[in-house]
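The values are calculated or read from the model by the stated rules, or taken from the named source; none is laboratory data. Just so it is clear, the model here is predicted, and its values are computed rather than measured. Heads up, the Cβs are rebuilt from the backbone with ideal geometry, glycines too, and the neighbour counts pull from every protein chain shown.
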Amino acid sequence: MSLNRLHPGYRGLIYALLGLVFVSGLLWQTGWERSLLMKIHGAAAMATLLLLGALLARHVAPGWTARTNRISGLAVLTSALWLVITGYALYYSGSDWLRYWAGETHFWVGVGAAAMFGVHLRRPAPC
């Protein structure tokens, strides 16, 4: 049975970047060093987007074909898409209302995405 595992170095890089994005987002909510955290969060998010592109080709497509962990995988991908859209809105929107709404949903979907990512990692692939 193939588990559609990624190379350990690639997995480690993904975990490190997602951890950095998650922790910087949580710390942002505390109000501590927001200017620095925004730079760290944004840089880690851009790097994560690059890895997401590779992940779509090397992990998502084979996993979809193998019919493994589709529900949790779709939840992770849907969350990632929402985080990209709301991150863009936070950076480029001129509307205070849209920025507030995007910020609130960005944070909570980010927390949920982290939880769903954990579920996706821990869920055994069917035989």
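Read through the list (1) touching a helix residue (DSSP H, G or I) at 6+ places or on another chain (Cβ under 8 Å); (2) over 18 Å from Ala115 (Cα atoms); (3) surrounded by 16 or more Cβ atoms within 10 Å (Cβ to Cβ), then give the number of the only condition that His59 fails.
Result: His59 passes all but (1).
Which residues, taken from the range 12-25, are farther than 14 Å from Leu52 by Cβ and free of Cβ contacts under 8 Å to residues at least 40 places away in the same chain?
Answer for the range 12-25, where residues must be farther than 14 Å from Leu52 by Cβ and free of Cβ contacts under 8 Å to residues at least 40 places away in the same chain: Gly12, Ala16, Gly19, Leu20, Val23, Ser24.
Tally time: how many residues in the range 72-118 are touching a Gly at 6+ places or on another chain (Cβ under 7 Å) and either loosely packed, with under 15 Cβ neighbours inside 10 Å or modelled with pLDDT of 95 or more (or both)?
Of the residues in that region, 5 qualify.
Restricting attention to the range 29-39, report how many residues are part of a helix (DSSP H, G or I) and surrounded by fewer than 18 Cβ atoms within 10 Å (Cβ to Cβ).
Here the count works out to 7.
Scan Ala47, Ala43 and give me the residue that is surrounded by fewer than 17 Cβ atoms within 10 Å (Cβ to Cβ), touching a helix residue (DSSP H, G or I) at 6+ places or on another chain (Cβ under 6 Å) and within 30 Å of Asn69 (Cβ to Cβ).
The conditions single out Ala47.
Could you identify the single residue in Leu121, Leu52 that is closer than 16 Å to Leu17 by Cβ, surrounded by 15 or more Cβ atoms within 10 Å (Cβ to Cβ), at pLDDT below 95 and not hydroxyl-bearing (Ser, Thr, Tyr)?
Leu52
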